[in-house]
Each structure stands twice: as structure tokens, then as C-alpha cells.
Amino acid sequence: AVPHTSTFGLTNATVFYLLLLADKGLERACEESEAVKEGVNTYHGEITHAAVAESQGKPWREFEAVA
């Protein structure tokens with residue numbers, strides 16, 4: 001029962017973001033949701049998440065600077 005229940009929990013927690021992305025596209029969804037924006041690691045070939053860049057020893061840019 002746990003895998004079945006956890007699947008429903010994960011779906012319920014993420015469906016809002018899926019629908020937001022599908023309806024608005026990435027850039028507009030990021031404007032409307034800080035949670036979506038914080039989940040973007042790369043965009044247009046640029047790393048947009050500081051922790052990802054640090055782990056790779058690469059530079060990063062704010063999402064807004066790339067979008």
C-alpha cells in the first residue's frame with residue numbers, strides 16, 4: 001500500500017506545478033511561482049542554480065538574466 005499511497009501523495013504535491021508549466025510556459029511560470037523558478041537548474045545553456053554551479057566548478061547566472 002505504501003508505493004500506491006506515496007504515488008498519490010507525489011502526484012498531489014506536483015500536479016499544480018505541472019499544470020502551471022503546461023499552461024504558462026517556463027518563463028511565465030517562473031514569474032508567477034518562486035518555487036518553479038528555484039527548481040530550474042539550467043536554461044538556454046546557462047547554469048541558473050548556485051549549488052549546481054558550485055558542485056560543477058562552473059559559473060552561474062540568475063534565471064532572470066538568462067530568460
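A short reminder: the numbers here are calculations on the coordinates, not readings from a lab. Computed from a prediction, not measured in an experiment: that's the story for all the values here. Reconstructed Cβ throughout: ideal geometry from the backbone, glycine too, with neighbour counts over all protein chains shown.
Every condition in (1) loosely packed, with under 10 Cβ neighbours inside 10 Å; (2) in contact with a Pro (Cβ under 9 Å, 6 or more places away or on another chain) is met by ASN12 except one, and the failing one is (2). Pairs meeting the criteria (first residue in the range 24-51 and touching a residue at least 24 places away in the same chain (Cβ under 8 Å), second residue among the basic types (Lys, Arg) and part of a helix (DSSP H, G or I), beta carbons under 8 Å, at least 6 apart or on different chains) are CYS30/LYS37.
Of all residues being acidic (Asp, Glu) and closer than 26 Å to PHE16 by Cβ in the range 27-67, which is nearest to the chain's Cα centre (by Cα)? Just the residue, please. The selected residue is GLU38.
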